[in-house]
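To start, the structure under review is shown below, and the notes come after it.
The values are calculated or read from the model by the stated rules, or taken from the named source; none is laboratory data. All values derive from a computational prediction rather than experimental measurement. No Cβ is skipped: glycine too gets one built from the backbone with ideal geometry, and neighbour counts run over all protein chains shown.
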Amino acid sequence: MSTYSEIKRLTTKQLLKMKGVERVTMLTAYDAVTAHCLDEIGIEMLLVGDSMGNVVYGFENTLPVTMDMMLAHTAAVVRGSKRALVIADLPFMTYQASIEEALRNAGRCLQEAGAQAVKLEGASEYNCILIKRLVEVGIPVVGHIGLTPQAVHQMGGYYTHGKTETTRARILEEAKKLSEAGCFAIVLECIEPSLAQEITKTIKALTIGIGSSDVSDGEVLVINDLLGLTLGKSPSFVKPLVDLKTTIKAVGREYIESTKGKKETTLVDTCN
Ligand code: KIV
């Protein structure tokens, strides 16, 4: 963890000043070296997403992610970065059972892993009470509405939200409630673009879009999707910028051929 004299991380106040001035960048990271690379090139926020369940651990969805996994990956991302604000995504059932348990788990993300904020999904009355308590004790919170993957079984799949008048009104109300409860930022996942735009204009919190067009205050993507490093197909709204799966295979193939073909390979040298 950083010592007092080294603290140069972006703060929620600095990020909030960017609303309406400059778009904010957020990417997921799950390990120290990725965090280091993104931090060095000026990413503003690193989200240790529970998407690690899919892209790191190979689960079908985010539900199996545990508090221990989140703490270990968050600590690695904090160690690898210096300036970005690091957000730990509270895993499924680590904040829903009781306010007390949620406070303790969110506290662990800051105290044990060194995160600067936590994220949680949904905008129920319970969540709004919880967010107020978290903010009261000094834990900055990012909300998440629209497509909320922890509710995949209830939602019955992944689709765009806010297409009807009724759902539009509900989602706009949710965004207002989260902002009023004290979230400094809210992820808008797969929300109909004109609604994402209306939310962005209406609320004080930063809106961070994903699969909601480019009308929010900022954008977030799963880094593996951008790198072409996903197990299945990447979501339709992401265009991978490289194809690292092909690169890994090519490098692996060269290593296998070099190792099997020669006694002394060109790739592996002696210790010195
Ligand atoms: O878990 C995650 O990576 C997320 C982003 C997709 C917003 O919640």
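Out of (1) touching a helix residue (DSSP H, G or I) at 6+ places or on another chain (Cβ under 7 Å); (2) within 15 Å of the ligand (Cβ to nearest atom); (3) aliphatic (A, V, I, L, M); (4) within 19 Å of ILE139 (Cα to Cα), the odd one out for ALA113 is which?
Result: ALA113 fails condition (2) only.
Could you tell me whether region 52-69 includes any residue that is closer than 25 Å to ALA151 by Cβ and in contact with a strand residue (DSSP E or B) (Cβ under 6 Å, 6 or more places away or on another chain)? Break it down into steps so the answer makes sense when it comes.
Filtering region 52-69 down to residues closer than 25 Å to ALA151 by Cβ leaves 52-69.
Next, only the ones that are in contact with a strand residue (DSSP E or B) (Cβ under 6 Å, 6 or more places away or on another chain) stay: none.
Within region 52-69 (the criterion being closer than 25 Å to ALA151 by Cβ and in contact with a strand residue (DSSP E or B) (Cβ under 6 Å, 6 or more places away or on another chain)), the answer is no, since none of the residues qualifies.
Step by step: first the residues of region 41-66, then only those that are among the small types (Gly, Ala, Ser) and either without any contact (Cβ under 8 Å) to a residue 40 or more places away in the chain or over 23 Å from THR12 (Cβ atoms) (or both), then the one that is surrounded by the most Cβ atoms within 10 Å (Cβ to Cβ). Which residue is that? Please lay out each step first, then the result.
Within region 41-66, the subset among the small types (Gly, Ala, Ser) is 42, 49, 51, 53, 58.
Next cut, either without any contact (Cβ under 8 Å) to a residue 40 or more places away in the chain or over 23 Å from THR12 (Cβ atoms) (or both) only: 53, 58.
Details: GLY53: 23, GLY58: 8.
In this case the residue turns out to be GLY53.
Regarding LEU130, is this residue more than 16 Å from the ligand (Cβ to nearest atom) and either modelled with pLDDT of 95 or more or more than 23 Å from LYS19 (Cβ to Cβ) (or both)? Steps first, please.
On the way: more than 16 Å from the ligand (Cβ to nearest atom): yes; either modelled with pLDDT of 95 or more or more than 23 Å from LYS19 (Cβ to Cβ) (or both): yes.
Yes: the conditions hold for LEU130.
When you look at MET155, is it at pLDDT below 95 and within 16 Å of the ligand (Cβ to nearest atom), yes or no?
So MET155 fits the description; yes.
Quick one: which residue in LYS163, LYS233, LYS245, LYS201 is over 21 Å from the mean Cα position of the chain (by Cα) and part of a loop (DSSP other than H, G, I, E, B)?
On the way: LYS233 fails: over 21 Å from the mean Cα position of the chain (by Cα); LYS245 fails: part of a loop (DSSP other than H, G, I, E, B); LYS201 fails: part of a loop (DSSP other than H, G, I, E, B).
Going through LYS163, LYS233, LYS245, LYS201 in turn, the sole match is LYS163.
Counting just the residues of region 16-38 that are within 18 Å of CYS109 (Cβ to Cβ) and in a helix (DSSP H, G or I), which one comes out farthest from the ligand (Cβ to nearest atom)? If you could, list the steps in order and put the result at the bottom.
Of the residues in region 16-38, the ones within 18 Å of CYS109 (Cβ to Cβ) are 26, 28-32, 35.
Next, from what is left, pick out any that are in a helix (DSSP H, G or I): 32, 35.
Numbers: ALA32: 18, ALA35: 14 Å.
Here the answer is ALA32.
Specify the residue that is nearest to the ligand (Cβ to nearest atom); the eligible residues are those in region 192-209 that are crowded, with 22+ Cβ neighbours inside 10 Å and β-branched (Val, Ile, Thr).
Narrowing region 192-209 to residues crowded, with 22+ Cβ neighbours inside 10 Å: 195-196, 199-200, 205-209.
Now narrow it down to the ones that are β-branched (Val, Ile, Thr): 199-200, 207-208.
Values: ILE199: 15, THR200: 16, THR207: 12, ILE208: 7 Å.
The residue in question is ILE208.
Cβ contacts < 9 Å: first residue free of Cβ contacts under 8 Å to residues at least 60 places away in the same chain, restricted to region 73-90; second residue part of a strand (DSSP E or B) and among the hydroxyl-bearing types (Ser, Thr, Tyr), any location; separation 6+ or different chain. Result?
From residues that are free of Cβ contacts under 8 Å to residues at least 60 places away in the same chain, the pairs are ASP89/THR28.
Do the conditions hold for ASP243, that is, is it out of contact with any Pro (no Cβ under 6 Å at 6 or more places or on another chain), closer than 14 Å to MET26 by Cα and away from the ligand (no atom under 14 Å from the Cβ)?
Working: out of contact with any Pro (no Cβ under 6 Å at 6 or more places or on another chain): yes; closer than 14 Å to MET26 by Cα: no; away from the ligand (no atom under 14 Å from the Cβ): yes.
No, not satisfied.
Take the residues in region 116-127 that are part of a strand (DSSP E or B) and under 17 Å from VAL65 (Cα atoms), then tell me which one is farthest from the ligand (Cβ to nearest atom). Quick ask: steps written out before the conclusion?
Our first condition is that a residue be part of a strand (DSSP E or B); within region 116-127, this holds for 117-119.
Now restrict to residues that are under 17 Å from VAL65 (Cα atoms): 118-119.
On the way: VAL118: 12, LYS119: 7 Å.
Per the stated criteria, the residue is VAL118.
Being closer than 18 Å to LYS19 by Cβ and either touching an Asp or Glu at 6+ places or on another chain (Cβ under 7 Å) or crowded, with 19+ Cβ neighbours inside 10 Å (or both) is the filter here; which residues of region 145-181 pass it? I'd like the intermediate steps shown before the answer.
First, the residues of region 145-181 that are closer than 18 Å to LYS19 by Cβ: 145, 172, 175-176, 178-181.
If the condition is that a residue be closer than 18 Å to LYS19 by Cβ and either touching an Asp or Glu at 6+ places or on another chain (Cβ under 7 Å) or crowded, with 19+ Cβ neighbours inside 10 Å (or both), then ILE145, LEU172, ALA175, LEU178, SER179, ALA181 are the ones that fit.
Mind listing whichever residues of region 2-56 are at pLDDT 95 or above and farther than 22 Å from GLY209 by Cα? Talk me through it step by step, then tell me what you get.
Applying the first criterion (at pLDDT 95 or above) to region 2-56 yields 9-56.
Across region 2-56, the qualifying residues are ARG9, ASP31, ALA32, VAL33, HIS36, CYS37, GLU40, VAL56.
Please verify whether region 82-102 includes one or more residues that are away from the ligand (no atom under 14 Å from the Cβ), among the polar types (S, T, N, Q) and surrounded by fewer than 24 Cβ atoms within 10 Å (Cβ to Cβ).
Taking every residue of region 82-102 in turn, at least one turns out to be away from the ligand (no atom under 14 Å from the Cβ), among the polar types (S, T, N, Q) and surrounded by fewer than 24 Cβ atoms within 10 Å (Cβ to Cβ).
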